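In what follows, a structure is listed as structure tokens, so that the remarks can point back to it.
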């Protein structure tokens, strides 16, 4: 029974990571290489 | 001479420094990129350690490791993103409160944790509540911050999510090492394999570009993973040579290194209540490690 709770908790962490995996911060959502754009922009 | 104390302290310092620089790199790269490539570098270090040790895997130990890694890689993404977006001096101690999870797991099995563990849980939770309170200015107004309260709430959610993931990692690794008598290195290797698989799957579903080669930042990112794996090995060696209770407490104090680095290099400052909360959270983690 306790294993079910632990696996459910594991799924919560995985779901949270899926939700937060895509960075919505400026410069992160489009370019996979933000450092390149930063240096190009001076 | 007993090397348990210096090795335990070194493991805590390595973990804390790796976390700090993981958060720093996640301010420049997507957290998923930092987590994935640092884990790859750490896996290479682990492969070397496995080759040197010459130990043999046990199927049950590796299986529990695979389960443990299903949460730890995801927890790392949440942790790095929390460190990148929030105040490191708060995110690191809150995330360390994952030490509460094994106590909850004991309760789920119908057993009662000992008094020290119970005290540790209460102290850690009180600390988390205190650091979660918004910092107020002299005019009793919350300070203006990019994103406002919504952002700080999101960061706290990420820190708590990472705490849950790291706590589950402790539970499953313990099941693999103590319960199934698996070789610790192979249990961790199983965890590393499944965490890399999980991160790859998340990237395939949400953002494939997150797994791209991080370019010239691969050096610092790789050092984070190697530092993390090195800390694991230092801790494992310290636990075999020293008193496990003492070594466990020293290793569990890794957020102290992150907090000190954040204050020193980033100039982070907390309110009096938040400082008390950080101290309480760290004390709770120490008590849980000693229990």
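The values are calculated or read from the model by the stated rules, or taken from the named source; none is laboratory data. Treat the numbers as computed from the prediction; the structure is a model and nothing was measured. Reconstructed Cβ throughout: ideal geometry from the backbone, glycine too, with neighbour counts over all protein chains shown.
Out of the residues in segment B:5-36 that are at pLDDT 90 or above and farther than 23 Å from residue B:266 by Cβ, which is surrounded by the most Cβ atoms within 10 Å (Cβ to Cβ)?
B:36
Mind checking which residues of segment B:238-249 are in contact with a helix residue (DSSP H, G or I) (Cβ under 6 Å, 6 or more places away or on another chain) and in a helix (DSSP H, G or I)?
Within segment B:238-249, B:238, B:239, B:241, B:245, B:247, B:248, B:249 qualify.
Filtering segment B:216-265 down to residues that are within 14 Å of another protein chain (Cβ to nearest Cβ) and surrounded by fewer than 22 Cβ atoms within 10 Å (Cβ to Cβ), which residue is nearest to the chain's Cα centre (by Cα)?
If we filter segment B:216-265 for residues that are within 14 Å of another protein chain (Cβ to nearest Cβ), which is where we start, we get B:216-221.
Next cut, surrounded by fewer than 22 Cβ atoms within 10 Å (Cβ to Cβ) only: B:216-220.
Values: B:216: 26, B:217: 22, B:218: 21, B:219: 21, B:220: 18 Å.
Applying the filter and picking the extreme gives B:220.
Going through B:287, B:270, B:234 one at a time, which residue ends up being modelled with pLDDT under 90 and part of a loop (DSSP other than H, G, I, E, B)?
B:270
Would you confirm whether or not segment B:205-215 contains a residue that is within 22 Å of residue B:102 (Cβ to Cβ) and either touching a residue at least 60 places away in the same chain (Cβ under 8 Å) or more than 14 Å from chain A (Cβ to nearest Cβ) (or both)? Break it down stepwise before answering.
Let us first name the residues in segment B:205-215 that are within 22 Å of residue B:102 (Cβ to Cβ), namely none.
There is no residue in segment B:205-215 that is within 22 Å of residue B:102 (Cβ to Cβ) and either touching a residue at least 60 places away in the same chain (Cβ under 8 Å) or more than 14 Å from chain A (Cβ to nearest Cβ) (or both).
Okay, residues lined up against (1) in a loop (DSSP other than H, G, I, E, B); (2) at the interface with chain B (Cβ under 7 Å from one of its Cβ atoms); (3) at pLDDT below 70:
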residue: A:5; (1), (2), (3): no, yes, no
residue: A:10; (1), (2), (3): no, yes, no
residue: A:14; (1), (2), (3): no, yes, no
residue: A:26; (1), (2), (3): yes, no, yes
residue: A:30; (1), (2), (3): yes, no, yes
residue: A:35; (1), (2), (3): no, yes, yes
residue: A:39; (1), (2), (3): no, no, yes
